[in-house]
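Read the figures in this text as sums done on the coordinates, not as results from a lab. Since we're looking at a predicted model, the values are computed, not measured. Using ideal geometry, Cβ is built from the backbone for each residue, glycine included, and neighbour counts are taken over all protein chains shown.
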Amino acid sequence: MKFYSTNNPNLKVDLKEAVTQGLAPDNGLYMPEYIPVLPKEFFDTIDTKSFQEIAFTVAKNIIGDDVPADELKRIVDHTIQFDAPVVEVDDHAYALELFHGPTLAFKDFGARFMSQLLGYFARQQKQEIVILVATSGDTGSAVANGFLGVKGTKVIVLYPSGKVSDIQEKQFTTLGQNVTALEIDGTFDDCQRLVKEAFLDDVLRKKYFLTSANSINIARLIPQSFYYFYAYAQMKDKAKDLVFSIPSGNFGNLTGGLLAQRMGLPIRKFIATTNVNDVVPEYLRTNVFAPRPSQQTISNAMDVGNPSNFARMLDLFQNDFTKLSADIAGYSFSDDETRAAMRHVFASTEYILDPHGAIGYLGLIKYLEEQGEDVTGIFLETAHPAKFKEVVDDTLGKSIDIPKPLQHFLQQSKKSIALKSDYTSFKDFLLNTL
Ligand SMILES: *Cc1c(COP(=O)(O)O)cnc(C)c1O
């Protein structure tokens, strides 16, 4: 399979280049040259297959022979080490729980798959692959945990000192091995600037094989289609059309669903739900895409003002607004509405939504009310509520339990290297320690 840039369909590269580059040289996003439809027998028997078996078929369908089948099987099996159950929340809504991985958020799927794939490429070459990742919290923990112990790779996580939650910080500063955490005296934007500058630095690029692990990487997108198939497999005997509501920020999760649909998965409708950062729902109403600075909300992993995967969404619909808006509905919700939904669902069912999943739930309910369709509605629950314990406790008026994996992180002691936010300090650090 070749991958082309959304800015230029003639710029095509192989999988290794697409994955190690992340962003195309023309700033486009990589997309598979074509998306093969899976055979009818696959869907007929999907409910007899395991999550790992389903994921392997889907991965092979997109990646083809660029990775040998036995190696791809190993990569997929390593990625899918935890379940993604569909849970009935109330009469109208099922939750697809994507938070059973090591860092308790759906980003584990993308990060684990990508780390194994890069590990495979690292073994084909002598030079070590160095992954630079700037994080405001969640990405850093998923990526660091995904790459932990992967031979031939080294991860440098840059995070703004004092600006990530305690739980988040512990998830990438306590690992050791091939993961180093740099605590930058600055903001998230400073961290991102340092990483960008390093990629443009000829001295560093000559010396090291640098790559980024940001969310636009095609290796993070592909595994985000797996669980849509697995949800369908779990719901197959319900025999109604499926609609998926996806709480969104950069829209990688939703784009994974679109890939699944293109591979033949029967999905009636996608519901794009956001917090007040509603650039995409607004686009779906008006056909005007107007990125703007993000606003802070309680669903902070979705505080995105210029969603990076929007280019992929447009590309999948050949820039046809009519087609795109026929397949995707959009809604946005305030923090007050989010908290009210969390309280209502807990009071009526005892199910604890995290603030992101609550937005997915709200979008689903609103869609069902407006459309009155007889469909099965699934919203994606993207994080465990304990990851946002302060907000959840405060909203529900009770102290929720912290699951074992998080407790484990909290008990470890933090190891980080403090650095100033100027580029010279960062560059010196890389040259002296890598
Ligand atoms: C990253 C994230 C999202 C948003 O996903 P996108 O793919 O960026 O749309 C939603 N919820 C949680 C918990 C996240 O970490």
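Quick notes
- The Cβ shell under 15 Å around LEU431 holds other residues with a net charge of -1, Lys and Arg each +1, Asp and Glu each -1.
- Listed cross-link partners LYS154/LYS420; LYS366/LYS404; LYS2/LYS387; LYS170/LYS196; LYS16/LYS404 are compared with a 29 Å cut-off, the Cα-Cα value being larger for LYS366/LYS404; LYS2/LYS387; LYS16/LYS404.
- Backbone N within the stretch 335-367 under 16 Å of label point (7 Å from ASP394 Cα along the Cβ vector): 335-343, 354-356
- Highest average packing first - 337-350, 219-232, Cβ atoms within 10 Å: 219-232, 337-350
- Calculated FRET efficiency, ASN27 to GLU373, Cβ-Cβ distance, R0 = 51 Å: about 0.85 to the nearest 0.05.
- Taking amide hydrogens as placed 1.01 Å from N in the peptide plane, the amide H of LEU11 sits under 5 Å from those of SER5, each at least 5 positions away in sequence or on another chain.
- Placing a label point 7 Å from the Cα of THR48 along the Cα-to-Cβ direction, the residues of the stretch 221-238 with a backbone N closer than 19 Å are 230-238.
- Residue-averaged 222 nm ellipticity for the chain, from DSSP H runs of 4+ at -39500 (n - 2.57), nearest 500: -13000 deg cm²/dmol
- Estimated from the Cβ-Cβ distance and a Förster radius of 45 angstrom, the FRET efficiency linking ASP90 and THR286 is about 0.90.
- Global form of the stretch 258-372, assessed from the alpha-carbon gyration tensor, a/c cut-off 1.5: oblate
- A simple spin-label model places pseudo-atoms 7 Å from Cα toward Cβ; at GLU128 and PHE321 they are separated by 5.1 nm.
- For the chain, averaging the sequence separation of C-alpha pairs within contact (under 8 Å, six or more residues apart) and dividing by the residue count gives a relative contact order of 18 percent.
- Taken as Cα centroids, the stretch 252-282 and the stretch 40-72 sit 22 Å apart, rounded to the nearest whole angstrom.
- Near-label residues of the stretch 169-187 by backbone N, under 19 Å of a point 7 Å along Cα→Cβ of LYS415: 169-184
- FRET efficiency, THR349 to LYS40 (Cβ-Cβ, R0 35 Å, nearest 0.05): 0.45
- Shape of the stretch 37-185, Cα gyration tensor, a/c cut at 1.5: oblate
- Taking each of LYS389/LYS414; LYS206/LYS414; LYS49/LYS323; LYS12/LYS207; LYS49/LYS126 in turn, the alpha-carbon distance tops 29 angstrom for LYS206/LYS414; LYS49/LYS323; LYS49/LYS126.
- Prolate/oblate/rounded label for the stretch 297-434 (Cα gyration tensor, a/c 1.5): oblate
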